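J.: First, the structure itself, so that you have it in front of you.
The values are calculated or read from the model by the stated rules, or taken from the named source; none is laboratory data. Keep in mind it's a predicted model, so treat the numbers as computed, not measured. Every residue, glycine among them, receives a Cβ derived from its backbone with ideal geometry; neighbour counts consider all protein chains shown. For the accessible areas, the whole protein counts, side chains as well, though only heavy atoms, and no ligand, DNA or RNA atoms are used. Shrake-Rupley method; radii C 1.70, N 1.55, O 1.52, S 1.80 Å.
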Amino acid sequence: MYYSRKRQMIDLPEEMTAIWSCTNENCNGWMRDNFVLLNQPICGQCSSLMEKSEKMLPILANTSPNQTKR
């Protein structure tokens, strides 16, 4: 008998989410706004400035007690 290791993909609910995107056109770095600790974050991949935008992403709640931005 054959058992496939592939699991069925579950459709996760998505919503428009506020994100920060890297301004460097050669970098595709981005992060969710509710996981950012600074008012103006810097890209962790290339150290460029980031700009606010939106992206369709699966719903994810940040339950960290350290959510205040500096």
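J.: Contour minus end-to-end for THR17 and ALA61, with contour as 0.36 nm per residue of separation and end-to-end as the Cα-Cα distance? Spell out each step's value before the answer.
T.: On the way: separation 44, 0.36 × 44 = 15.84 nm, distance 1.12 nm.
Difference between extended and current length: 14.7 nm.
J.: Beyond 15 Å, what share of the Cα-Cα pairs of the chain remains, rounded to the nearest whole percent? Intermediate values should be presented prior to the final figure.
T.: On the way: 1512 of 2415 pairs.
Percent of Cα pairs beyond 15 Å in the chain: 63.
J.: In square angstrom, what is the accessible area per residue of the chain with a 1.4 angstrom probe?
T.: I get 89 Å² per residue for this part.
J.: Could you list which residues have their amide H under 5 Å from that of THR17, counting only those 5 or more apart in sequence or on another chain, with H placed in the peptide plane?
T.: Here LYS55, MET56, LEU57 satisfy the definition.
J.: Using a Gaussian network model of the chain with C-alpha springs under 10 Å, which one of MET16, MET31, MET50 is most mobile by mean-square fluctuation?
T.: Highest fluctuation of the listed residues: MET16.
J.: While we're on this one: Within 10 Å, at most 13 other Cβ atoms, and a DSSP state outside H, G, I, E, B define an exposed site. Report the longest part of the chain free of exposed chymotrypsin sites (Phe, Trp or Tyr not before Pro).
T.: Answer from the scan: 4-70.
J.: Okay, next question. Would you mind telling me the share, in percent, of accessible area of the chain contributed by carbon and sulfur at probe 1.4 angstrom?
T.: Values: 3210 of 6200 Å².
Taking all protein chains in place, the chain shows 52 percent carbon and sulfur surface.
J.: Also, quick follow-up: Could you give the length gained on full extension between MET31 and MET9, defined as 0.36 nm per residue of separation minus the Cα-Cα distance, in nm?
T.: So the chain would gain 5.5 nm between MET31 and MET9.
J.: Apply the Karplus parameterisation 6.51 cos²θ - 1.76 cosθ + 1.60, with θ equal to phi minus 60°, to every residue of the range 29-44 and state each ³J(HN,Hα) to the nearest whole Hz, in sequence, with x for glycine and proline.
T.: Result, rounded to whole Hz: x, 7, 8, 5, 5, 7, 10, 8, 9, 10, 5, 10, x, 10, 4, x.
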